[in-house]
Amino acid sequence: MIDAGIETMIVSCNLEMGESYLGRIVTKALAIELQQKGIDPCGENGEYHTLVINCPLFKEKITLPKYNKQTYEKYCFIVWEENN
């Protein structure tokens, strides 16, 4: 996906990963970092979920609003602020 020009951002993850990963763009360096920590770099075991924010099929990159990080039970996630 990275090589295909698809840019994704981590929008939720489990507590084992930690909220510091929220908002990070998935890159080759991040994939290596995750793998070194024993986390599937593709998130195939439900460790994290992403949002596609840019790809060759988009006319332009998605502009994201400000967000807050929240934790609920065993997961951390992004909560987008409402536009006023």
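A short reminder: the numbers here are calculations on the coordinates, not readings from a lab. As the structure is a prediction and not an experimental result, all values here were calculated from the model. Note: ideal-geometry Cβ built from the backbone for every residue, glycine included; neighbour counts use all protein chains shown.
Given axes a ≥ b ≥ c from the Cα gyration tensor, I'd like to know whether the chain is rounded (a/c under 1.5), prolate (a/b larger than b/c) or oblate. It would help to have the intermediate numbers written out before the result.
Numbers: a/c = 2.45, a/b = 1.07, b/c = 2.29.
Verdict is oblate for the chain.
So, with +1 on the Cβ of K and R and -1 on the Cβ of D and E, and no other charges, what is the size of the charge dipole of the stretch 7-80 about its Cα centre, to the nearest 20 debye? Mind dumping the intermediate values first?
Details: 8 positive and 9 negative charges, 63 e Å.
The dipole of the stretch 7-80 has a size of about 300 debye.
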Excluding residues fewer than 8 positions from LYS28 in its own chain, the lysines with Cα under 19 Å of it are LYS37
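What number, in percent, do you get for the relative contact order of the chain if the mean sequence gap of Cα pairs under 8 Å and at least 6 apart is divided by its residue count?
Working: 131 pairs, mean separation 30.2, N = 84.
Dividing the mean separation by the residue count of the chain yields 36 percent.
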Give the aspartates and glutamates reachable from LYS61 as a straight Cα distance under 15 Å; neighbours fewer than 8 places away on the same chain don't count. GLU7
Can you tell me which of LYS59, LYS37, LYS28 moves the most in a GNM of the chain? Springs connect C-alpha atoms under 10 Å apart. LYS59
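How far, in nm, would the chain grow between THR71 and ALA4 when pulled straight, counting 0.36 nm per residue and subtracting the alpha carbon separation?
Details: separation 67, 0.36 × 67 = 24.12 nm, distance 3.20 nm.
Net length gain for the segment: 20.9 nm.
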Just THR50, THR27, THR63 to compare: in a GNM of the chain, with alpha carbon springs under 10 Å, which one fluctuates most? THR63
